[in-house]
Structures are given as C-alpha cells and as structure tokens.
Amino acid sequence: MSRRFIARRSPIHGTGVFATAPIKKGEEIIQYRGTLMTHAEADAMYGDGGETGHTFLFTLNEDYIVDANRKGNTARWINHSCAPNCRAVIEESANGDRRKDKVIIEAIRPIKPGQELTYDYGITLDVPHTARLKKLWRCLCGAPNCTGTLLKSKRA
Ligand SMILES: [Zn+2]
C-alpha cells in the first residue's frame, strides 16, 4: 500500500497530516497504531486528560486504549476538525478478542492532494468541561461550524 499522505506543520495545530494523492470517499487511509493499555493504566500514567490540551490516546473499546505516545505512527498527527474529511472507525476483531480491535482512519469525502486530513475526536472528559478546559482543548480548525473546542457537550 503506497502512502498517500505526509506529516508536516499544520495551520490548525502543530504537526498535521496532508494528502499527497487523491483519496476517494470511503477509502481506508491508515491504522491508528500504538501501545495497547487498559483504561486504568492510562489514568495512572496520564491522569484524566484535564491538564493537557493534547493527547495521543485513542479509546479502542471499553477495555483498551491505544497509546500512540509509544509505538505510534503518523496517524497520531491527524488533527481534529469540526468539519472533518475523515472518520475513525473501530474494526472489531472477528473472534471477539478486544485486544485485536483496530482503529482505522477512513475518508468520508473525496480528498485532494494538499488538503489536511482531519477527523472529529469527539472528546468528553470525566471532569466537568469548564471554560478553562474548553480553552485548553481549543479548536482552531477554522470551519464555519467550529465550536471553538475539541470537547463535546455531555448530554445524558
Ligand atoms: Zn473546530
């Protein structure tokens, strides 16, 4: 599988990932890789996420988190956007082994070379989303519908 993207400086935030070739709607682009850890291990190592505006953690399922700080690949640089051109899909393993589940980033729109790849992180923290936290998790995606924060409102 030839690479159709490159990581470089992004106007949204830090490093981003950009298409280097046309990508079709529905195409799988990259697997979000990293070291598997339990939720308890992630909490012990990184806290509840309230003190950092940035994360390389991806919730795989109720049991596991993918930690892209360790053995992560280019997928960890894909930025959040409120009007994304990709989405993260969990591919559950056929035999029910939750450790074998995968996070796949796939295109939800046709993407042209040069365009930045983005998906909606859909983050909700275990702590109240205060104004300070919303600012810490500020979104600079520039989309007309940008909510200004990566944090999703918590509706029960
Ligand atoms: Zn935004």
remark   = Rounded to one decimal in nm, the spacing of the 7 Å Cα→Cβ label points at THR130 and ARG87 is 3.4
ask   = When only Cα pairs under 8 Å and 6 or more residues apart are kept, what is the percent relative contact order across the stretch 87-156?
value = 24
ask   = Given labels modelled 7 Å from the Cα in the Cβ direction, how far is it in nm from LYS154 to ARG8?
value = 4.0
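Stokes-Einstein D for the chain at 20 °C, 1.002 mPa s, Kirkwood Rh over Cα pairs, in µm²/s?
Once the numbers are plugged in, D ends up at 132 µm²/s.
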key: Dipole of the stretch 1-118, positive end: most advanced residue of THR15, GLY72, PHE58 [Cβ charges, Cα centre]   = THR15
note = Expressed per residue, the solvent accessible area of the chain in Å² (1.4 Å probe) is about 58
note = Expressed in nanometres to one decimal, the distance between label points 7 Å along Cα→Cβ at ARG98 and ASN61 is 0.7
note = Scalar couplings 3J(HN,Hα) for the stretch 115-122 by Karplus 6.51 cos²θ - 1.76 cosθ + 1.60 (θ = phi - 60°), nearest whole Hz, x for Gly and Pro, are 6, 7, 7, 9, 9, 8, 5, x
note = For the stretch 54-116, listing trypsin sites (Lys or Arg not before Pro) in a DSSP loop whose Cβ sees at most 16 other Cβ atoms within 10 Å gives ARG70, LYS71
inquiry  = Connecting C-alpha atoms closer than 10 Å in a GNM of the chain, tell me which of GLU116, GLU28, GLU62 has the biggest fluctuation.
reply    = GLU62
query = Around ALA19, with a cut-off of 15 angstrom between Cβ atoms, what is the net charge of the other residues, counting Lys and Arg +1 and Asp and Glu -1?
reply = +3
message = Could you derive backbone 3J(HN,Hα) for the stretch 21-30 from the dihedral phi with the Karplus parameters 6.51, -1.76 and 1.60 (θ = phi - 60°), listing whole Hz in sequence and x where the residue is Gly or Pro?
response = 8, x, 10, 7, 4, x, 6, 7, 9, 6
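The values are calculated or read from the model by the stated rules, or taken from the named source; none is laboratory data. From a predicted model like this one, the values you see are computed outputs, not experimental measurements. In this analysis, Cβ positions are derived from the backbone assuming ideal geometry, glycine residues included, and neighbour counts consider all displayed protein chains. Surface accessibility is based on the protein's heavy atoms, side chains included, excluding ligands, DNA and RNA. Shrake-Rupley method; radii C 1.70, N 1.55, O 1.52, S 1.80 Å.
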